[in-house]
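The values are calculated or read from the model by the stated rules, or taken from the named source; none is laboratory data. What you are looking at is a predicted structure, and each value in this text was computed from that prediction instead of being measured. Note that each Cβ is placed from the backbone with ideal geometry, even for glycine, and that neighbours are counted across all protein chains shown. We work out accessible area using only protein heavy atoms, side chains counted, and drop any ligands, DNA or RNA first. Shrake-Rupley method; radii C 1.70, N 1.55, O 1.52, S 1.80 Å.
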Amino acid sequence: MSLFNLGDKAYLMLADGRIFEGYSFGAKGTSFGEIVFATGMTGYEETLSDPSYYGQIVTQTFPLIGNYGVNDQDYESSTSVVSGYVVREWCNAPSNFRSEGNVDEFLKKHNIIGIHSIDTRSLTRIIREHGVMNGVITTENVYEKKEEFLEKIKAFKIVNAVKSVTVKEKEIFKADDPKYDVVLFDFGYKYNIRKELLKRGCNVTVVPAGTTAEQIKEIDPDGIMLSNGPGDPSENTDIIANLREVNKLGIPTFGICMGHQLMALANGGKTEKLKYGHRGANQPVDDIAHDKTFVTSQNHGYAVISESISPDVGEVSHKNANDQTCEGVRYKNFPCFTVQFHPEACGGPQDTAYLFDEFIDMMKKNKEDK
């Protein structure tokens, strides 16, 4: 953003009362949320349109955002559910042949409050030291309403996240050369999960998060995909109970992120909230079976507790190379594997797309065995 046209004042206040002063872009107003940071150097369009960021004020650690503009073909959902957007500098003159607008226009279209020209490095260090915390982003005078805002920050909590972002009714997408039929549970799914399935010859039926096992049985799919999504996985008690019934159908299942966490909970596992989460396109993950480390795209604030997975139920298949948290589980009593990271990786590295091929192989084998 040109230093000669900084715009109106905007403020970011943390739960501990610290205030960052910057300038406004995007929508005007006041929004409360959980402040998180994402480390991707690219992929800001995918970040802004990822339903997993529901209720969160997203800070980009990379200092310049928006240099290649925005393009609705790259969005991971039809809208944006972030509670605010924080950058060091945004580019108001993007240069890319696919660009259809700039970040400021995107934020205004989706009524998202943005703030620029603050010290995002300092903010990130605070979050890393103290953990994710609530905050407010506002174009009002924060000093005049500081006590009122602090009370609302304290009371803020992300609830009913999955129910807020899931589709209301099923949607069907046909592959050009269909070989399999896959049900995709929408807990807040990214479009690229659907695209990866379609290009591998899978017809995809996207269903609401509350779709019952009996309804799945009526669809009679070859496979089930459990998508990513926002919020605390343990609050989805009805979905967790339903997954126990879905498992009994014996249909090959692949879970990603929220789907990974919900499946663990459905099988007696436990989850925990991470101090500041894993968000970005550079998270190293050890694939234990292949004895390889892959660079992955991630966006989550909760993790499955490895020790909570009973050896009789499943085994941890992947671990985060940085903090050793659980990044994958392969189940023993039914055909299912899940991962915490994003093998569809848009935006991010494509290193783990092989997992979609493993899912295809699982469905193929299951059909041959029938």
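Figures for the structure shown
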read-out: Long-range amide H partners of Ala353 with built H, under 5 Å; value: none
read-out: Radius 12 Å from Cβ of Gly231, net charge of other residues (Lys, Arg +1; Asp, Glu -1); value: 0
read-out: Accessible area, probe 1.4 Å, largest first, for residues Tyr53, Tyr23; value: Tyr23, Tyr53
read-out: Among beta bridges that DSSP assigns inside the chain, antiparallel share in %, nearest 5; value: 60
read-out: Ordering of 220-230, 252-262, 7-17 by packing [mean C-beta count within 10 Å, highest first]; value: 252-262, 220-230, 7-17
read-out: In the stretch 297-365, GluC sites (Glu not before Pro) in a DSSP loop with at most 16 other beta-carbon atoms within 10 Å; value: none
read-out: Amide hydrogen neighbours beyond the local backbone of Gly29, cut-off 5 Å, H modeled; value: Thr139, Glu140
read-out: Out-of-range pairs (alpha-carbon distance over 31 Å; input Lys199/Lys319; Lys109/Lys292; Lys195/Lys364); value: Lys109/Lys292
read-out: Of Ala209, Asn160, Leu198, farthest towards positive along the dipole that unit charges on Lys, Arg, Asp, Glu beta carbons give the chain; value: Asn160
read-out: Per-residue ³J(HN,Hα) for the stretch 67-75, Karplus 6.51 cos²θ - 1.76 cosθ + 1.60, θ = phi - 60°, Hz, x for Gly and Pro; value: 5, 10, x, 10, 8, 5, 6, 9, 5
read-out: Cα→Cβ-extended label distance, 7 Å offset, between Arg244 and Glu214, nm; value: 1.8
read-out: Full-extension gain in nm, Phe334 to His290, via 0.36 nm per residue minus C-alpha separation; value: 13.7 nm
read-out: Segment Lys9-Arg125, length gained on full extension (0.36 nm per residue, minus Cα span); value: 39.4 nm
read-out: Exceeding the 27 Å Cα-Cα cut-off - candidates Lys170/Lys367; Lys163/Lys248; Lys270/Lys370; Lys145/Lys168; Lys273/Lys367; value: Lys270/Lys370; Lys145/Lys168; Lys273/Lys367
read-out: Lys/Arg +1, Asp/Glu -1 at C-beta; the chain dipole; positive extreme among Phe173, Gly268, Ile113; value: Ile113
read-out: Size of electric dipole in the stretch 1-160: Cβ of Lys, Arg +1 and of Asp, Glu -1, about Cα centre, debye, nearest 20; value: 320
read-out: Positive minus negative residues near Phe337 (Lys, Arg vs Asp, Glu; Cβ under 14 Å); value: -3
read-out: Gain on full stretching of the segment that runs from Glu151 to Lys367 - 0.36 nm per residue minus C-alpha separation; value: 72.1 nm
read-out: Estimated FRET transfer efficiency (Asp312, Glu235; beta-carbon r; R0 30 Å; 0.05); value: 0.65
read-out: Semi-axes of the equivalent ellipsoid for the stretch 217-370, Cα gyration tensor, largest first, Å; value: 23, 18, 14
read-out: Whole-angstrom gap from the stretch 54-98 to the stretch 309-370, using each part's C-alpha centre; value: 30
read-out: Low-density loop cleavage sites - GluC sites (Glu not before Pro) in the stretch 129-188, where at most 15 other Cβ are within 10 Å (DSSP); value: Glu140, Glu144, Glu169
read-out: Estimated 222 nm signal from helices in the chain, with DSSP H stretches of n ≥ 4 weighted -39500 (n - 2.57), rounded to 500; value: -7000 deg cm²/dmol
read-out: Under the Karplus curve 6.51 cos²θ - 1.76 cosθ + 1.60, θ = phi - 60°, whole-Hz ³J(HN,Hα) for the stretch 112-117, x wherever Gly or Pro sits; value: 10, 7, x, 9, 10, 6
read-out: Per-residue HN-Hα couplings for the stretch 98-103 [Karplus 6.51, -1.76, 1.60; θ = phi - 60°; Hz; x = Gly/Pro]; value: 9, 5, 10, x, 10, 4
read-out: Rh (Kirkwood; distinct C-alpha pairs) - the stretch 190-253, Å; value: 12.9
read-out: Within the stretch 90-129, trypsin sites (Lys or Arg not before Pro) in DSSP loop having at most 11 other beta-carbon neighbours inside 10 Å; value: Arg98
